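Chemist: Here you go, one structure.
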Amino acid sequence: MKLSVVIITFNEEKNIERCLKSVKDLADEILVVDSFSKDQTQAICERYGVRFEQHAFDGHIQQKNRAWEWAKGEFVLSLDADEALSEELQNSLKAWKNAAAEFEGYRMNRLTNYCGTWIHHSGWYPDTKLRLFRHGAGAWGGVNPHDRFELHNKEKSGFLEGDLLHYSYYTKEDHFKQIEYFSKIAAQELHARGKKVSKLHMYAKMAWQFLKNLIFKSGWRDGKAGWNIAKRSAFATYRKYSILNELYDKG
């Protein structure tokens, strides 16, 4: 089976080489769809002989659908630039390539590194993702920026052992920057759909997000990192809905 690995990028010089190294011995094609990066992303990709295409960014869902549509392989493995395959997951994929595919899509667990700490609780693990799929068997959906791949026929998907390693944030500043970026996108999506949230509802959602991550998802077991994730997840909820209310105030 021919396997295409597709990755969307924008200014990913910090991450992209690690991602490419983890798939170079598995992929029959590596396709990077870039949003006109200003850093060394393209130069790094060219060193690995990838197929490098560029298109203006029009949404995570739109860009990821564009990437798999442009891929040439029978199966597609879709990754983010800040992800890489663990050795166990690489071995699972090698075994899968040498066998007949039983399913149209395959799930895998994602393990996130947060400011140098691997997070095994806090609602962040196992964080199972469907990332390997037959070309044309489904499409990316969800609501930007929270995309998910959905099979058309809802067949039962398979599972691959090993972790998809996610290098999310290197510093707390990275996290707050991403919170602001994602909050704006999410608020704009909600505003376009006519969604409204009262201040009381907003604060209730913040409190629930904090308690869910820290207590109900055992974030306390991740130590200081779990505490920070709970606080910042609550703040992300606040920013999303406060920006939404600002959009309505502006008419």
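Chemist: When both residues are 6+ apart or on different chains and their Cβ atoms are under 9 Å apart, which pairs have a first residue that lies in the range 52-81 and is free of Cβ contacts under 8 Å to residues at least 24 places away in the same chain and in a strand (DSSP E or B), and a second that is of a type in the set (Asp, Glu) and surrounded by 15 or more Cβ atoms within 10 Å (Cβ to Cβ)?
Modeler: 52/34; 53/34; 54/34
Chemist: Could you tell me whether any residue of the range 99-109 is of a type in the set (Asp, Glu), touching a residue at least 24 places away in the same chain (Cβ under 8 Å) and either outside any helix (DSSP H, G or I) or under 20 Å from residue 135 (Cβ atoms) (or both)?
Modeler: yes
Chemist: Looking only at the range 137-155, which residues are at pLDDT 95 or above and more than 27 Å from residue 192 (Cβ to Cβ)?
Modeler: Listed by number, the list holds a single entry, 137.
Chemist: Any residue that is surrounded by 15 or more Cβ atoms within 10 Å (Cβ to Cβ), more than 25 Å from residue 189 (Cα to Cα) and assigned by TED's automatic domain parsing to the domain that holds residue 133 - is there at least one of those in the range 51-65?
Modeler: Looking for residues that are surrounded by 15 or more Cβ atoms within 10 Å (Cβ to Cβ), more than 25 Å from residue 189 (Cα to Cα) and assigned by TED's automatic domain parsing to the domain that holds residue 133, one finds at least one in the range 51-65, hence yes.
Chemist: Looking for whichever is crowded, with 18+ Cβ neighbours inside 10 Å and not assigned by TED's automatic domain parsing to the domain that holds residue 80 here; the options are 157, 183. Which one fits?
Modeler: Result of the check over 157, 183: 183.
Chemist: Test residue 92 against the stated conditions and say whether it is outside any loop (DSSP other than H, G, I, E, B) and either in the same structural domain as residue 181 (by TED's automatic domain parsing) or touching a residue at least 24 places away in the same chain (Cβ under 8 Å) (or both).
Modeler: yes
Chemist: Right, something else. What number of residues within the range 32-88 are touching a helix residue (DSSP H, G or I) at 6+ places or on another chain (Cβ under 7 Å) and among the acidic types (Asp, Glu)?
Modeler: Of the residues in the range 32-88, 3 are touching a helix residue (DSSP H, G or I) at 6+ places or on another chain (Cβ under 7 Å) and among the acidic types (Asp, Glu).
Chemist: Could you please give the count of residues in the range 3-47 that are surrounded by 20 or more Cβ atoms within 10 Å (Cβ to Cβ) and either in a strand (DSSP E or B) or outside the structural domain of residue 132 (by TED's automatic domain parsing) (or both)?
Modeler: Total meeting the criteria: 12.
Chemist: Let me ask something additional. Taking the conditions exactly as written (modelled with pLDDT under 95 and either surrounded by fewer than 17 Cβ atoms within 10 Å (Cβ to Cβ) or over 19 Å from the mean Cα position of the chain (by Cα) (or both)), does residue 198 satisfy them or not?
Modeler: yes
Chemist: Hey, another quick one. Residues that are closer than 14 Å to residue 78 by Cα and more than 13 Å from the chain's Cα centre (by Cα): list the strands (runs of 3 or more DSSP E) wholly contained in the range 112-165 that include at least 3 such residues.
Modeler: In the range 112-165, the matching strands (runs of 3 or more DSSP E) lie at 129-134.
Chemist: Now a separate question. Here are some conditions: (1) loosely packed, with under 14 Cβ neighbours inside 10 Å; (2) of a type in the set (D, E, K, R); (3) outside the structural domain of residue 85 (by TED's automatic domain parsing); (4) within 24 Å of the chain's Cα centre (by Cα). Residue 205 meets all but one. Which one does it not meet?
Modeler: It is condition (1) that residue 205 fails.
The values are calculated or read from the model by the stated rules, or taken from the named source; none is laboratory data. Note that the structure is a prediction, hence the values are computed from the model and not measured. For neighbour counting, all protein chains shown are included, and Cβ atoms are generated from backbone atoms with ideal geometry for every residue, glycine included.
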